[in-house]
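Asks: Got a structure here, written out as structure tokens. Questions coming.
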Amino acid sequence: MISKVSVAGLWIALVLAACSSSDKGAGMITIDREYTHTVLETHDAALTTLENQNLKIESDKSDSLGASIVAKRATGDDKILVDVKGLEMGKSKVSVRVPPGDRNNATMILNQIGERLGSATK
């Protein structure tokens, strides 16, 4: 017979497992958007957008399959992480990760990337 304690323990474990996040940054908010442009074009638009916001680029790595940019805000230690991944020929996905409370900034960055690319997003 299964005891009530065992059932309760199993239930708690299942609830906790369901609440876990795949987000790698503690408390970071991630917003994704797809563009009908290559990784190179999208990376260039993302980099220019971050630079125009007067963010300090700490690292910028890219190839034909994807890109990763880490930028730091001048007002503190908050970082903005931008990842570009190739989806299929001529399409890419941008993920912007920001600290909690900066959701609007992430959306603004994605909008400006789209404006630089001059195309509709998916």
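Asks: For residues in the stretch 61-104 being of a type in the set (D, E) and not in a strand (DSSP E or B), which is nearest to H37 (Cα to Cα)?
Replies: Filtering the stretch 61-104 for residues that are of a type in the set (D, E) and not in a strand (DSSP E or B), the one nearest to H37 (Cα to Cα) comes out as D63.
Asks: OK, next. Of these, V84, V70, which one is buried (at least 19 other Cβ atoms within 10 Å of the Cβ), modelled with pLDDT of 95 or more and among the aliphatic types (A, V, I, L, M)?
Replies: From the options V84, V70, the qualifying one is V84.
Asks: So, of the residues in the stretch 45-67 that are under 22 Å from L87 (Cβ atoms) and in contact with a Ser or Thr (Cβ under 9 Å, 6 or more places away or on another chain), which turns out to be modelled with the lowest pLDDT?
Replies: In this case the residue turns out to be S64.
Asks: With out of contact with any Cys (no Cβ under 8 Å at 6 or more places or on another chain), among the hydroxyl-bearing types (S, T, Y) and touching a residue at least 40 places away in the same chain (Cβ under 8 Å) as the only criterion, which of S68, S62, S92 stands out?
Replies: S92
Residue by residue, here is whether (1) on the phi > 0 side of the Ramachandran plot; (2) buried (at least 17 other Cβ atoms within 10 Å of the Cβ); (3) touching a Phe, Trp or Tyr at 6+ places or on another chain (Cβ under 7 Å) holds:
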{"site": "L47", "(1), (2), (3)": "no, yes, no"}
{"site": "A74", "(1), (2), (3)": "no, no, no"}
{"site": "D77", "(1), (2), (3)": "no, no, no"}
{"site": "G101", "(1), (2), (3)": "yes, no, no"}
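The values are calculated or read from the model by the stated rules, or taken from the named source; none is laboratory data. All values derive from a computational prediction rather than experimental measurement. A quick note on method: Cβ atoms are made from the backbone with ideal geometry, for glycine too, and the neighbour counts reach across all protein chains shown.
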